[in-house]
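Any read-out appearing in this document is the output of simple, stated calculations on the displayed coordinates, not a laboratory observation. The structure presented is a predicted model; accordingly, all values stated were derived computationally and were not measured. Every residue, glycine as well, gets a Cβ built from its backbone with ideal geometry; the counts of neighbours run over all protein chains shown.
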Amino acid sequence: MQPAECLRRVHSLVREQLPAELRGFHWSAMSFQSKLWYGNKDLHYEIWSRERLGTIEIGLHFEADPLTNARLLAAFAANARTVRRSLTEARIEDWDRGWARVWEPLPHRKPDLDLASELASRIADYVTALEPILRRELPSDVEWSESADRPARARAGARSRVSRAARR
């Protein structure tokens with residue numbers, strides 16, 4: 001199986017594994033990397049195959065402006081105990097270009113159906129554990145646009161957060 005095909009399989013598998021309120025995500029993929037996000041593409045979950053390094057990186061990336069990234073890094077560091085209860089191998093750190101991430105490395109291996117299933121399961125674990133923290137800690141001045149294909153219940157919850165932020 002080619003890497004791009006493996007990531008296409010992850011896309012459909014992860015949707016099945018997420019709770020209903022988190023199934024309305026955006027997805028993009030290249031042959032070596034895929035991204036899943038909700039209201040802001042700069043704040044996304046990523047699967048990044050780094051064959052030369054012998055690893056597959058999986059996690060939540062903050063690739064917005066440096067201030068937003070720093071604020072979210074601080075918020076997740078403050079929630080480290082909660083994060084590690086669900087994601088025992090997760091690392092919370094600043095990174096290249098003023099970015100930050102909550103991530104873990106997995107051993108690199110040949111793409112196949114088993115790998116697609118494992119990646120879908122891990123990314124679903126990350127989304128389920130981290131998306132509530134991200135939405136709760138998201139600074140009110142950070143752009144967040146809900147997708148029209150999201151379930152109504154999820155949109156309503158996000159709208160109430162935006163409304164609270166607008167009242168500040």
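Between the Cα long axis of helix 152-167 and the first principal axis of the chain there is an angle of about 50°, rounded to the nearest 10. Relative to the longest principal axis of the Cα atoms of the chain, the long axis of helix 66-78 lies at roughly 80 degrees. The structure-derived value of volume of the Cα convex hull per residue in Å³ appears in the list (i) 120; (ii) 110; (iii) 161 under the label (ii). Compute the long axis of helix 3-17 from its Cα atoms, compare it with the longest principal axis of the Cα atoms of the chain, and write down the angle in degrees, 0 to 90, nearest 10. Taking Cα atoms only, the helix is inclined about 50 degrees. Taking θ as phi - 60° and the Karplus parameters 6.51, -1.76 and 1.60, the scalar couplings of segment 125-131 work out to 4, 5, 4, 4, 7, 9, 4 Hz in sequence order, x denoting glycine and proline. Longest stretch of the chain clear of exposed loop sites (GluC sites (Glu not before Pro), DSSP loop, at most 16 other Cβ atoms within 10 Å, sites excluded): 1-88. Highest mean first, the peptides 23-32, 70-79 sorted by other C-beta atoms within 10 Å per residue fall in the order 70-79, 23-32. Near residue 70: Cβ cut-off under 13 Å, other residues only, Lys/Arg at +1 and Asp/Glu at -1. The net charge is -2. When the label point is put 7 Å from the Cα of residue 110 along its Cα-to-beta-carbon vector, which residues of segment 1-17 have a backbone N closer than 13 Å? Zone members listed by number: 1-3.
Only helices enter the 222 nm calculation for the chain: every DSSP H run of n ≥ 4 contributes -39,500 (n - 2.57), and dividing by all residues gives -15000 deg cm²/dmol, rounded to 500.
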